[in-house]
Amino acid sequence: MSALPTNYLTPTGREETWRFTPLKRIAGLHDPATSVADRISISLVGANRPGFKVETSPANELPPKSATDDAVTQRIRASVSKVTHLVIEKESVIQEPIFLKRSAGSEKEFSRTVITAGAHSKATVVVENEGSATIGEEIEIRVDSGANLTFISLQEWSANSVHLGRHHAIVGRDASFNSITITVGGSLVRLLPTVEYSDQGGSAELLGLYFATGGQHLEHRVHVEHGIPNGKSRVTYKGILAGAEARTIWIGDVFIRGNAEGTDTYELNKNLLLTDGARADSVPNLEIETGQIVGAGHASTTGRFDDEQLFYLMSRGIAMADARRLVIRGFFGEIVSKIGIESVEERLMTRIDNQLAKVGE
Amino acid sequence: MSKLVIKNLHVGVETESGITEILRGVDLTINSGEVHAIMGPNGSGKSTLAYSIAGHPKYTITSGSVTLDGADVLEMSVDERAKAGLFLAMQYPVEVPGVSVANFLRTAATALRGEAPKVRTWVGEVKDAMSKLAMDPAFSERSVNEGFSGGEKKRHEILQMELLKPKIAILDETDSGLDVDALRIVSEGVNRVKAEQNLGIMLITHYTRILRYIKPDFVHVFAGGKIVEEGGPELADRLEEKGYAEYVKA
Ligand SMILES: Nc1ncnc2c1ncn2[C@@H]1O[C@H](COP(=O)(O)OP(=O)(O)OP(=O)(O)O)[C@@H](O)[C@H]1O
Ligand SMILES: [Mg+2]
């Protein structure tokens, strides 16, 4: 256990970035007065294979490469003594996905992970979060020039978990970062999927899916920082809410700075409300400081079932309940099917089906 | 033999100022094996008639009746109408993202047949029906109607009709947006189902060109929310030549 210095401000809940988050429910992870365990909670499933390895480094030997004003991330950085480092060697093409599994303890804990995708490498990394935890974590993903990394983060927590996380990608020259963030479990999950570009020609695709049932607070604050010319980003997040007090927040900050000419970006958030009493906030925010761009757009929809879709399906003999199920599964399936790992896709769809059955869908 | 009977049907849509009437007393009877062409100006209520029979929730039936072989269609839910043997090929088919055509067709067939079709024969059945409509088998894996061209959507409607084998079909401008070849292919599809099922057809169209492939037994002129004239195939030619001016009050 370590008590922490307080050289940064503790959120009060009035800040723009914290105004949606019920601070009472985050177990003091934002508060320097809370003591937090310093242990490694993430590990490789199976052994190192040719082309990549997981190692543990002293934190001072692997300092962060990105700046953040997130108070929890700052606390994490100040507090952890060791960092888990997944190194994908340059030019190696790893066919089978690399699974990292979280096994959290019963204490409150912090975790820092760095993933380095070496130049011209190609790999898929899956981070699986299950069980009970109260955790603050940062994953910094360095996608070096010409590399192609798919990063899949699965939040399949049990009902009491609290998870605050920053997943930050630094996309290098002509590199591709494809991420899929799935959040279906946990009492309170607040994730910061963020992207910056370190050189020209980088491309990022951020896909996300969240499903909140009664009492869950699921918050995703996407931030794409186009500070370099000729970057591309595509953001698509979809959410379903069902049950009293189901709560989701989606923020999509995309900034195109004055020098980021040739930027091409589009962000989309769609929420489907299945019942009364659920609430989805969706705040796309596109700021453009140069006119010399390829394209920039955003869209956000939050609504009930599309009557036209249900009518179409039912007009072919499909009963109302089955039509609803098809539409919901289709809504999820659009994102889940992008994972491309059959066992994971099936597990998620089964979990979603079970959650739907509980809310009477 | 099946018989769809529409009697004195009045239908409206809810607007801020109450119910706006669109259909003003439609009478029409369609028997198995008959083709009834319905032609009329834009906005006259043709699609409203089609949707009302299929049970679209947007429309309110204010009076009149629709029966299929004596059963009250207006009392049925939308899926029950399909199960009773009604099919609507829509003017604007709806996109359903994330639901594959294969999954959709199988779910619909399961619902209509009361049991899941046998996998082996079903896959062949779908392939066969697709190839007859000159549809690429790759459509099976695509989301329902999503990104389909206008003509592809219409073929997909007729594909469903072939597989679901209704008794009475309403084709709402199925010919619009089809090129010459597609028009022929789609018309042949309709005629196949007609021959196999002794299908009764309500064919809503603006053009006589489809009537050269699908021969109407009756032509009805639709204006101002009702049928204002009836005749044989020759009436269609007259409409194409002269337009609807004589039926639309200034
Ligand atoms: N929600 C609504 N409120 C008011 N009027 C409506 C509403 N929905 C439909 N209408 C009107 O009902 C009328 C009939 O429309 P319908 O689509 O049935 O015409 P149609 O004969 O199929 O035309 P087209 O040949 O262009 O397909 C139109 O004038 C239309 O504007
Ligand atoms: Mg119409």
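Mind putting a number on the dipole of the protein assembly as shown about its Cα centre? Charges go on the C-beta only, +1 for Lys and Arg and -1 for Asp and Glu, and I need it in Debye to the nearest 20.
Details: 67 positive and 80 negative charges, 207 e Å.
Here the size comes out at about 1000 debye.
In square nanometres and to one decimal, what's the mean projected area of the convex hull around the Cα atoms of the protein assembly as shown? Each step should come with its number before you reach the end.
On the way: hull surface 128.2 nm².
For the protein assembly as shown, averaging the hull's shadow over all directions gives 32.0 nm².
For B:174-182, what's the mean count of beta carbons from other chains sitting within 10 Å of each residue's beta carbon?
Numbers: counts 0, 0, 0, 0, 0, 0, 0, 0, 0.
If you average over the peptide's residues, the count of other-chain Cβ atoms is 0.
Suppose only helical runs count, i.e. DSSP H with n ≥ 4. What mean residue ellipticity at 222 nm does that imply for chain A under -39500 (n - 2.57) per run, divided by all residues and rounded to the nearest 500 deg cm²/dmol?
Working: 4 runs with 51 residues, N = 361.
Taking each H run of at least 4 residues, the total per residue is -4500 deg cm²/dmol.
Can you give me the long-range amide H partners of residue B:226? Hydrogens built in the peptide plane at 1.01 Å from N, cutoff under 5 Å, separation of 5 or more residues or another chain.
Residues meeting the criterion, in which the H sits 1.01 Å from N, are B:24.
Tell me the carbon and sulfur percent of the accessible area for the protein assembly as shown, rounded to whole percent, probe radius 1.4 Å.
Working: 11980 of 24630 Å².
Accessible surface attributable to carbon and sulfur in the protein assembly as shown totals 49 percent.
Would you look at the GNM of chain A, springs on alpha carbons closer than 10 Å, and say which of A:64, A:22, A:97 moves the most?
A:22
If the elastic network links every pair of Cα atoms under 10 Å, which of B:223, B:195, B:109 fluctuates the most in the Gaussian network model of chain B?
Per the Cα network of chain B with a 10 Å cutoff, B:195 tops the list.
Only Cα pairs within less than 10 Å get springs; with that Gaussian network setup on chain A, which residue of A:279, A:112, A:257 has the largest fluctuation?
Of the options given, A:257 has the highest mean-square fluctuation.
Probe of 1.4 angstrom, ligands and nucleic acids ignored: what's the accessible area per residue over region A:306-361, in square angstrom?
Working: 2400 Å² over 56 residues.
Result: 43 Å² of accessible area for each residue.
Helices from chain A with mean Kyte-Doolittle at least -1.0 and a Cα length along the axis of 18 Å or more, per DSSP H: which? Intermediate values should be presented prior to the final figure.
Working: long enough: A:320-336 (24 Å, 0.65); A:342-358 (24 Å, -0.91).
In chain A, the long hydrophobic H runs are A:320-336, A:342-358.
If you take each beta carbon of peptide B:53-62 and count the beta carbons of other chains within 10 angstrom, what is the mean? Spell out each step's value before the answer.
Working: counts 0, 4, 3, 6, 5, 3, 0, 0, 0, 0.
For peptide B:53-62, the averaged partner shielding equals 2.
On full extension of the chain, what length is gained from residue A:304 through residue A:281, given 0.36 nm per residue of separation minus the C-alpha to C-alpha distance? Don't jump to the answer; show the numbers that get you there.
Working: separation 23, 0.36 × 23 = 8.28 nm, distance 1.42 nm.
Full extension from residue A:304 to residue A:281 adds 6.9 nm.
Take region B:3-249, drop everything but the C-alpha atoms, weight them equally and run the Debye formula without solvent; then report log10 I(q)/I(0) at 0.11, 0.15 Å⁻¹ to two decimals.
The computed values of log10 I(q)/I(0) come out as -0.58, -1.08.
Put +1 on the Cβ of each Lys and Arg and -1 on the Cβ of each Asp and Glu in the protein assembly as shown; which of A:288, B:47, A:340 then has its Cα farthest toward the positive end of the dipole?
Of the options given, the answer is A:340.
Can you tell which of B:243, B:205, B:224 lies farthest toward the positive end of the dipole of region B:184-250, using +1 and -1 charges on the Cβ of basic and acidic side chains (Lys, Arg; Asp, Glu)?
B:205
For the protein assembly as shown, build the charge dipole from Cβ charges (+1 Lys, Arg; -1 Asp, Glu) around the Cα centre, then report which of A:98, B:174, A:271 sits farthest towards its positive end.
Result: A:98, furthest along the dipole toward the positive end.
Using only the Cα atoms of region A:16-305, build the gyration tensor, take square roots of its eigenvalues as a ≥ b ≥ c, and label the shape rounded, prolate or oblate: rounded if a/c is under 1.5, else prolate if a/b is larger than b/c, else oblate.
Values: a/c = 1.56, a/b = 1.04, b/c = 1.49.
Verdict is oblate for region A:16-305.
Please average, across the residues of B:97-107, the number of beta carbons from any other chain that are within 10 Å of each residue's own beta carbon, and give a whole number.
Numbers: counts 9, 13, 10, 3, 0, 0, 4, 6, 1, 0, 9.
Across B:97-107, the average partner-chain Cβ count within 10 Å equals 5.
B plus A alone minus the pair: what accessible area, both sides summed, probe 1.4 Å, in Å² to 100?
About 2000 Å² of accessible surface is lost on pairing.
Using amide H atoms built 1.01 Å from N in the peptide plane, name the residues 5+ places from residue A:195, or on other chains, whose amide H lies under 5 Å from its own.
A:169, A:223, A:224, A:225
Percent relative contact order of chain A, based on C-alpha pairs within less than 8 angstrom and at least six residues apart? All intermediate terms of the calculation are to be shown ahead of the outcome.
On the way: 973 pairs, mean separation 33.6, N = 361.
Averaging sequence separation for qualifying contacts and normalising by length gives 9 percent for chain A.
Taking the Cα centre of chain A as the origin, how large is its charge dipole in debye, to the nearest 20, when only Lys and Arg (+1) and Asp and Glu (-1) carry charge on their Cβ atoms? Please list the in-between numbers first.
Numbers: 38 positive and 45 negative charges, 131 e Å.
Using only the charged Cβ atoms, the result is roughly 620 debye.
Report Rg (one decimal) and Dmax (nearest whole number) for region B:54-112, counting Cα atoms only, units Å.
13.5, 39
In Å², what does the accessible area per residue of region B:3-249 work out to with a 1.4 Å probe? If you can, show how the numbers build up before the last one.
On the way: 10580 Å² over 247 residues.
Using a 1.4 Å probe on heavy atoms only, each residue of region B:3-249 averages 43 Å².
Helix-only estimate, please: 222 nm mean residue ellipticity of chain B, summing -39500 (n - 2.57) across DSSP H runs of length 4 or more and dividing by its residues, to the nearest 500. Don't skip to the end; give the middle numbers.
Values: 7 runs with 86 residues, N = 250.
Calculated mean residue ellipticity at 222 nm is -10500 deg cm²/dmol.
Among DSSP beta bridges lying fully in region A:16-305, give the percent that are antiparallel, nearest 5.
Working: 11 of 136 bridges.
The antiparallel proportion sits near 10 percent.
What's the magnitude of the charge dipole for region B:1-53 around its Cα centre, counting Lys and Arg as +1 and Asp and Glu as -1 at the beta-carbon? Answer in Debye, nearest 20.
On the way: 4 positive and 5 negative charges, 42 e Å.
I would put it at about 200 debye.
The values are calculated or read from the model by the stated rules, or taken from the named source; none is laboratory data. What you are looking at is a predicted structure, and each value in this text was computed from that prediction instead of being measured. Note that each Cβ is placed from the backbone with ideal geometry, even for glycine, and that neighbours are counted across all protein chains shown. We work out accessible area using only protein heavy atoms, side chains counted, and drop any ligands, DNA or RNA first. Shrake-Rupley method; radii C 1.70, N 1.55, O 1.52, S 1.80 Å.
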